[in-house]
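The values are calculated or read from the model by the stated rules, or taken from the named source; none is laboratory data. Just so we're clear, the structure is a prediction, and the values are computed from it rather than from any experiment. Positions of Cβ are backbone-derived with ideal geometry, glycine not excepted, and every protein chain shown enters the neighbour counts. Note: areas computed on protein heavy atoms with side chains; ligands, DNA, RNA excluded. Shrake-Rupley method; radii C 1.70, N 1.55, O 1.52, S 1.80 Å.
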Amino acid sequence: MKGILFAFLGGAFITLQGVANSRISQGIGTWQAAALTQLTGFVAALVLLFIFRDFKRQGFTQVKPLYLSAGAYAAVIIFSNVTAIQHVGVTLTVALVIIAQLVLTFLMDHYGWFGLPKKRMGWTQFAGIAIMILGVVILKF
């Protein structure tokens, strides 16, 4: 239940962030909005880190270099979402983002990327993604 709640919150806040960034970018520019959002996110994460006292300095040295690039992905995420929202709207952007996430996670699970255990994918997973894509096509028209 806890996982479902946090997944729901994460999805809701991604949408809120995308809309807020789109509005901010209209005044200062898309990359400036991305930088501002990253900065405020960094500050918020630091504050929460100290509130929950979950700081483990030795953990930083154990992170694989490949995974250190994850924070940089956020800049691309923000820019892409802002640009998409401005061109196709919030609903279609979120639908396409979800499909992209599912397709990529499908490949990650299937091939065991990033050290994940490989999972066998069946026709039901393919059908689920196909139905979602069909739903977006219907939504668009």
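Helix-only estimate, please: 222 nm mean residue ellipticity of the chain, summing -39500 (n - 2.57) across DSSP H runs of length 4 or more and dividing by its residues, to the nearest 500. Could the numbers behind the result be given before it?
On the way: 6 runs with 114 residues, N = 141.
Result for the chain, helices only: -27500 deg cm²/dmol.
Looking at region 1-57, which trypsin sites (Lys or Arg not before Pro) are in a loop (DSSP not H, G, I, E or B) and have at most 12 other Cβ atoms within 10 Å? Spell out each step's value before the answer.
Working: sites: Lys2, Arg23, Arg53, Lys56, Arg57; in loops: Arg53, Lys56.
Loop-located and lightly packed - Arg53, Lys56.
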Rolling a 1.4 angstrom probe over the protein heavy atoms, how many square angstrom per residue are accessible across the chain?
-> 76 Å²
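Heavy atoms only, probe 1.4 Å: what % of the accessible area of the chain goes to carbon and sulfur, would you let me know?
Values: 7860 of 10710 Å².
After summing per-atom areas, the C and S share lands at 73 percent.
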Mind grabbing the base-10 log of I(q)/I(0) for the chain at q = 0.10, 0.13, 0.14 Å⁻¹? Debye formula, identical points on the C-alpha positions, no solvent, two decimal places.
-> -0.46, -0.79, -0.91
